[in-house]
Amino acid sequence: MTARQVLLDAAGWGLAVATPLASDASTRRYTRLRRGAESAILMEAPTASDFDRASLAAFRQIGAHLRSLGLSAPMEYAADPDAGLIVMEDLGDDTLSRLLAFDLPTAEHAYAATADLLANLARTDPPRLAAPGAAGMAQMAGLTFDLLPDSDALRARLLPALAEALQTHASGPSVLSLRDVHGDNLLWLPERDGHAQIGLLDFQDALLLPVGYDLASLLDDPRREVPETWREALIAAHSTPRRIGVLSLQRNLRILGIFHRLATHYGKPGYRSFLPRCRTLVARAAEGLPLQADVMELLDRTAPWTRP
């Protein structure tokens, strides 16, 4: 009997109807389990490497921390971490992405609620996590250069300039940043109260980063366009345009490389469709900064990736 079946039997889900869910950019697999009116999610995560095992441990650690704050990270029902298996709470399918596509009034309310949640989370005591600082954050964008031939000179100019921009415009204390805060990883739970109305997924990559990083992730997402009036209002309420712009620049410079690699090396060609908007976000975020010319050179070099 497989470890999966042993866990499901022990947890009382062995006879549940199992329906695979759409995969994301990760190597994890998700299955919805149904028994009568009840449902749960089975997560199957890789455990082959130290990195895989650390990622699963981080998922559990951060999830427990978020739940201790009264937030809606999925509860664990049963787990076999050695096998990479967790049976957890099913938070449903009402993602903010779906609301953005089909119910704009509710989506506007949910995006505002998410921004409030992020502001509140920044005021809490974070768990012990890595804090890369401005220089480390700039180096995180190096993946894009790794995929560009003959880009060493450009890297040597641009990444230190990015670190300087982060230090100048996004300084201050580091706070808990979930990092992958976007419409597919956020769920609308209107039956709950307060900040628990936003369901949270995929937080295993959390770090301690400048205030506003997750707001930049939410508002400047290459996968979907948030109405500009909402974006401006939420930035005005919680941050400043330059801070969000510089954080967005760092994030989307990295995503250029991540999405290109997913499309070309990992058999996920759908990610290519997000690259033109990612290019637009990077160009906008660089406007008026000393590094703008180098950013535009980088975008010119990535043009074969980012053509519509």
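The values are calculated or read from the model by the stated rules, or taken from the named source; none is laboratory data. Keep in mind it's a predicted model, so treat the numbers as computed, not measured. Positions of Cβ are generated from backbone atoms using ideal geometry, with glycine treated the same way; all protein chains shown enter the neighbour counts. The area values use the complete protein model at the heavy-atom level, side chains included, leaving out ligands, DNA and RNA. Shrake-Rupley method; radii C 1.70, N 1.55, O 1.52, S 1.80 Å.
The set of residues in the range 211-250 being assigned to a helix (DSSP H, G or I) and among the small types (Gly, Ala, Ser) consists of Ala216, Ser217, Ala233, Ala236, Ala237, Gly245, Ser248.
A single member of Glu232, Glu225, Glu164 is in contact with a Pro (Cβ under 9 Å, 6 or more places away or on another chain) and closer than 30 Å to Arg307 by Cβ, and it is Glu232.
Answer with yes or no whether Ala79 is of a type in the set (Gly, Ala, Ser), under 17 Å from Arg179 (Cα atoms), surrounded by fewer than 18 Cβ atoms within 10 Å (Cβ to Cβ) and in contact with a strand residue (DSSP E or B) (Cβ under 6 Å, 6 or more places away or on another chain).
On the way: of a type in the set (Gly, Ala, Ser): yes; under 17 Å from Arg179 (Cα atoms): no; surrounded by fewer than 18 Cβ atoms within 10 Å (Cβ to Cβ): yes; in contact with a strand residue (DSSP E or B) (Cβ under 6 Å, 6 or more places away or on another chain): yes.
Here the answer is no, as Ala79 does not meet what is asked.
Might you check whether a residue that is among the small types (Gly, Ala, Ser), assigned to a loop (DSSP other than H, G, I, E, B) and on the phi > 0 side of the Ramachandran plot occurs anywhere in the range 73-94? Yes, some residue in the range 73-94 is among the small types (Gly, Ala, Ser), assigned to a loop (DSSP other than H, G, I, E, B) and on the phi > 0 side of the Ramachandran plot. Of the candidates Ala286, Ala216, the single residue that is open to solvent by less than 20 Å² (accessible area, probe 1.4 Å) and either in contact (Cβ under 8 Å) with a residue 60 or more places away in the chain or out of contact with any Ser or Thr (no Cβ under 7 Å at 6 or more places or on another chain) (or both) is Ala286. Taken over the range 28-53, the criterion of being assigned to a strand (DSSP E or B) and closer than 15 Å to Ala3 by Cβ is satisfied by Arg29, Thr31, Leu42, Met43, Glu44. Go through the range 251-278 residue by residue and tally those that are in a helix (DSSP H, G or I) and open to solvent by less than 60 Å² (accessible area, probe 1.4 Å). Within the range 251-278, residues that are in a helix (DSSP H, G or I) and open to solvent by less than 60 Å² (accessible area, probe 1.4 Å) number 18. Residues of the range 158-172 that are over 20 Å from Ala303 (Cα atoms) and either modelled with pLDDT of 95 or more or surrounded by 13 or more Cβ atoms within 10 Å (Cβ to Cβ) (or both): Pro160, Ala161, Leu162, Ala163, Glu164, Ala165, Leu166, Gln167, Thr168, His169, Ala170. Just one of the listed residues (Pro127, Pro149, Pro105) is under 30 Å from Ile41 (Cα atoms) and open to solvent by 70 Å² or more (accessible area, probe 1.4 Å), and it is Pro105. For the range 1-42, filtered to residues that are open to solvent by less than 90 Å² (accessible area, probe 1.4 Å) and of a type in the set (Asp, Glu), the residue that is modelled with the lowest pLDDT is Asp24. Only a single item in (1) acidic (Asp, Glu); (2) touching a strand residue (DSSP E or B) at 6+ places or on another chain (Cβ under 8 Å); (3) open to solvent by 60 Å² or more (accessible area, probe 1.4 Å) is not met by Glu89, and it is number (3).
With the structure loaded, tell me whether Thr144 is open to solvent by less than 30 Å² (accessible area, probe 1.4 Å), on the phi < 0 side of the Ramachandran plot and not aliphatic (A, V, I, L, M) or whether it fails that test. The answer is yes for Thr144.
Pairs meeting the criteria (first residue in the range 61-88 and in contact (Cβ under 8 Å) with a residue 40 or more places away in the chain, second residue β-branched (Val, Ile, Thr) and in a strand (DSSP E or B), beta carbons under 6 Å, at least 6 apart or on different chains) are Tyr77/Val87; Ala78/Val87; Ala79/Ile86; Met88/Ile41.
How many of the residues making up the range 127-161 are among the aliphatic types (A, V, I, L, M) and either in contact with a His (Cβ under 6 Å, 6 or more places away or on another chain) or assigned to a loop (DSSP other than H, G, I, E, B) (or both)? Total meeting the criteria: 6.
One residue stands out in the range 289-308 among those that are assigned to a loop (DSSP other than H, G, I, E, B) and open to solvent by less than 60 Å² (accessible area, probe 1.4 Å): the one that is nearest to Val246 (Cα to Cα), namely Leu289. In the range 113-124, of all residues being outside any helix (DSSP H, G or I) and not hydroxyl-bearing (Ser, Thr, Tyr), the one that is surrounded by the most Cβ atoms within 10 Å (Cβ to Cβ) corresponds to Ala122.
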